[in-house]
Amino acid sequence: MKIRSVKLREAHQAASNGRPSFCSVLWDQQAQHLVTACSSDVSISIHDPLLLSSPPKILTHHRDGVTALALSSNSTCLASGSVDHSVKLYKFPGGEFQTNITRFTLPIRSLAFNKSGSLLAAAGDDEGIKLINTVDGSIARVLKGHKGSVTGLAFDPNGEYLASIDSSGTVIYWELHSGRIVHNLKGIAPDTRADISSMNVLCWSPDGETLAVPGFKNDVVMYDRDTAEKLFSLKGDHTQPICFLSWSPNGKYMATASLDRQVLIWDLNRKQDIDRQKFNERICCMAWKPIGNALAIIDVMGKFGIWDSVIPSSMKSPAEDIPMQSKNSNGLLLFDEEDLDLCASGSISDLGEDSDGESQLTSRKRLREQPVSEENFDEDGSGEMALHPKVESHKKPNRTHKENLNSVNTGLKSSITTCTPKMQEAFQPGSTPAQLGKRRFLCYTMLGSITTIDHDGYFHIEIDFHDTGSCPRVPSMTDHFGFTMAALNENGSVFANPCKGEKNMSTLMYRPFSSWANNSEWSMRFEGEEVKVVALGTAWVAAATSFNYLRIFTDGGLQRNIISLDGPVVTASGFKDKLAVVTLASDCVSSNNQVLEFRVFNIPNETQLLKGRLPLTPGSSLTWFGFSEEGQLSAYDSKGVLSVFTSQYGGSWLPLFSASKEKDENYWVVGLNASKLFCVICKKPDIFPQVMPKPVLTLLNLSFPLASSDLGSEALENEFMMNNMHLFEIQKRMDEMAVAGLDTSSLDDETFNLEAAQDRCILRLIASCCNGDKLVRATELVKLLSLEKSMKGAIKLVTALKLPNLAERFSTILEQTLLHEMKKPADTYHHQDGRTAPLTVDDVSNSRGRVVAHTEASATVSMSSSPKLSAPLLTKKPKSAEEAKAGMDKSSVANETVKGKNTANEMNDREGKVGEIRQVPAHHPQDISVTVKLSNKQQVNKLEASTVQPSRPSNPFLKSSIK
């Protein structure tokens, strides 16, 4: 016998009378937290296993001792049961209290989550077992069959059975699908009714094939999953009954604790103990570390510790070769057990293991040919059949090894057929799932929100606008229909509910905020046809249904159109006259990628504007869909990528936001504008916000997922791409307005400001390229400048940076551009507000990569530049034919001198006066010259006569507005 080497420290105070208590301990999935509780203490402690000496996080929500703990497989939800008869849920690891999910009439003794986390089993002295839906808190089923306190619960890892044990030693196999008893094994475990600190427990093996139960002979008895027949037992040096047992994560080892204060570690392949420890007090709970080689223990006096290096280093680690079912647990709290994929539970892998790679334990099970064999008797020959009576099974006997092999192909085929990725379900943008006893969002947009809460069978709905000053105050309403979705705009709201009632009716209701007529509210009912999504626009209401119908109504209730959609609807959104609908285009592909299609309609015109595939990140699903404040179609997926539809490249989706993978946050999208994403930040694993306290909107900058630049100028490149996208969209709107004969002057200021901002961004990029010696890239950028003033600023910039060759190249580009403008026929220009713009839209499209001269297409310029920068000055020509000469001093580029006939003309040029450009000869090879030759004096006079001094440089996009 080894001397105890595990150091225990107090986690909970023992009972005041010194009597033993039942204490609990468990790990989270990543072994980052250790949770303890005690039946003599109202608190729950969350410890840091690396710093056990530091104070733990304390949860005190129970009024009496905590008797049971359970943690969902993804370690996001903690459940606790107590002597106070309640079961509570908490967020984990934060410990925020969520809800009292159920109550019993007597103390709770055991809790267990199923593999997906969608079901919580709770039981205690009431003798009944409640199966609770964790999504909405409803009671899925109550299992009755025990005649004593239920002290142990265990979901089979494959999701088919629930095993339970009571204080009288009876074990029951329950079929989860039907709730019926499959096997009832009466009196196979010790009777523990005399000592509440010692409770019968049971545990499934990680592969789900074997159930371990304490035996009468201070041993552990293994029972078959399907037939409930005894397989073998582990009998060692325990001198009293076993009070707790736990499988290692890989199923190769087991730890058992006994009333004799010993803990034994078993090698299941050899069926013998390989280590043991003796403690001062009885160990009442143990938990294997999910990652690593350690065992957490706690005794009946509330002291706990970690037994490191439980398994010798010469043997396989207990966390190595974990069965597929245990590794691939998804731990989602949003799906029912029936919705779990076979591929998530590792069914194909299980079939593959049937033929090879199986442990000795399973092989022994399959060699069984008779209900009574040598394995059914203990070594002392005392005839254990009396203690383990033959069980009447409602399941078929277990298949033989040959039958298993013969059915492998069939099983694989069946598994592959049913292993279909889960398809995207319909959802309402801005809505949150129902939570028992809590208010939820039916709709949350940039305009406002609609919330509802259940009040004893009917619902209370409230509508709130973010801007209470400009929007109407809407009184709350009582909802007798149980609406689950809604949409909102400035004029009204629309509600809908799923099919319910004896007639299986779904209801759609529209409620305007104001109307000149009485009784302007209206509703529609659909028998057997369920409304999936609703949308709202200017004077129209839309509902997509389970019949793949898109039903369109006027805001007065007239049924205007019914459109057959190409597939099941996923979501929909409205914006003014536009309605966007997303449907399933086909089944999920083998890579689990959703295949979705979108269509955009103009409801008043009864036309389809767009149709195409919706881009999603591989392996993701759509979580939000709608329009930006400017009317751009946008989509956000579960991987955190926002895509926005633009007119560029014939109509394409651009990724404008990507959530950081490192952050422990989820973004619940509300809307967006041209530069910001509006969202509510939820701490993982939460993906939806709570209504109370009121969510705080966070503004995040939109940005392209750019590669790391060799210049380190990703921010400037992102600004450049964003400006380019916005300019393109404004140009498209101006073109549409021009075609419709509308005045485009309302967009002038917006376009000019955006154009100027884009030129400033390009100039900063040019400076970055020059500093990084990327001169070819700088030359590409200078061709993208829109204003001539910006081009001259680029020349000054590179001259100041002592790059004369690049300055000369820039000057050549400017000269070529001005010459190109001069060659345009005079009749293609038209004066508007003192500016000149071409008539054709094509010229506007082609102008993005060249300089557009403002005021006139010839060599007239408007110059106002910083005196600190140098550039060739363009001097004004007098009325006489005499040339004006300007020179540049090579030794002082920044202090430029101009030679001409008149000093006043020089000052006029610096102040932005307009004059004729003549050739300025260079005195040195490095000097920069801008040459524009005019054909004759008559043309010069004609151009000067047509010149009007503008108040600012012209906007090239104004060209499209002239017809």
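Size descriptors for region 670-767: radius of gyration and Dmax over Cα atoms are 18.3, 53 Å. With Cα atoms as the point set, the radius of gyration and Dmax of region 86-228 evaluate to 14.8, 44 Å. Per the Debye calculation on region 471-566 with a single equal scatterer at every Cα and no solvent contribution, log₁₀ I(q)/I(0) for q = 0.12, 0.20, 0.22, 0.25 Å⁻¹ amounts to -0.36, -0.99, -1.17, -1.43. Annotation for Asp710 and Phe97: the two label points, set 7 Å from Cα along the Cα-Cβ direction, are 6.1 nm apart. A viscosity of 0.890 mPa s and a temperature of 25 °C, combined with the Kirkwood radius over C-alpha pairs in the Stokes-Einstein formula, give region 180-297 a diffusion coefficient of 168 µm²/s.
Please say if region 1-125 is rounded, prolate or oblate, where rounded means a/c under 1.5 for a ≥ b ≥ c the square roots of the C-alpha gyration tensor eigenvalues, and otherwise the choice is prolate for a/b larger than b/c and oblate otherwise?
Values: a/c = 1.68, a/b = 1.20, b/c = 1.40.
Oblate is the answer for region 1-125, as a/c is 1.5 or above yet b/c matches or exceeds a/b.
Distance from the Cα centroid of region 698-747 to that of region 84-136 is 52 Å (rounded to whole angstrom). Taking all protein chains together, Ile196, Ile101 sort by accessible area into Ile196, Ile101, largest first [probe 1.4 Å].
Shown are Ser708, Ser82, whose ranking by accessible area with a 1.4 Å probe and every protein chain present, most to least, is Ser708, Ser82. Normalised size of region 697-831, defined as Cα radius of gyration per 2.2 N^0.38 Å with N residues, equals 1.23. Residues whose amide H lies under 5 Å from that of Trp307, counting only those 5 or more places away or on a different chain, are Leu295, Ala296, Ile297; hydrogens are built 1.01 Å from N in the peptide plane. Of Trp540, Trp516, the order by accessible heavy-atom surface (1.4 Å probe, DNA, RNA and ligands excluded), from most exposed downward, is Trp516, Trp540.
In the context of the full protein assembly, Val6 retains an accessible surface of approximately 10 Å², using a probe radius of 1.4 Å and ignoring ligands and nucleic acids.
Residue by residue, region 637-652 carries 3J(HN,Hα) couplings of 10, 6, 8, x, 10, 9, 10, 10, 8, 10, 7, 4, 6, x, x, 9 Hz when phi is fed to the Karplus relation 6.51 cos²θ - 1.76 cosθ + 1.60 (θ = phi - 60°); x denotes Gly or Pro. Working note: Cα atoms of region 74-119, range along each principal axis, descending, whole Å: 30, 22, 13.
Of the cross-linked pairs Lys230/Lys303; Lys422/Lys684; Lys147/Lys217; Lys611/Lys639; Lys532/Lys639; Lys500/Lys611, those separated by over 27 Å at the C-alpha level are Lys230/Lys303; Lys500/Lys611. Could you pull out every residue, at least 5 positions away or on a different chain, whose amide H is within less than 5 Å of the one on Leu697? Hs are placed 1.01 Å off N in the peptide plane, and Pro or chain starts have none. Amide H neighbours of Leu697: none. Report, in whole Å, the centroid distance computed from the Cα atoms of region 652-683 and region 557-621. Region 652-683 and region 557-621 have Cα centres spaced 22 Å from each other.
May I ask you to derive the relative contact order of region 538-693, considering only C-alpha pairs under 8 Å and at least 6 residues apart, and to give it as an integer percent?
Relative CO of region 538-693 lands at 11 percent.
Taking the full set of protein chains and a 1.4 angstrom probe, give the accessible area of Glu750 in square angstrom, rounded to the nearest 10. About 90 Å², ignoring ligands and nucleic acids. What a 1.4 Å probe finds exposed on region 646-800 is 56% carbon and sulfur by accessible area, rounded to a whole percent.
The values are calculated or read from the model by the stated rules, or taken from the named source; none is laboratory data. What you see is a predicted model; the values in this text were computed from it and never measured. Positions of Cβ are generated from backbone atoms using ideal geometry, with glycine treated the same way; all protein chains shown enter the neighbour counts. SASA here: full protein model, heavy atoms, side chains in, ligands and nucleic acids out. Shrake-Rupley method; radii C 1.70, N 1.55, O 1.52, S 1.80 Å.
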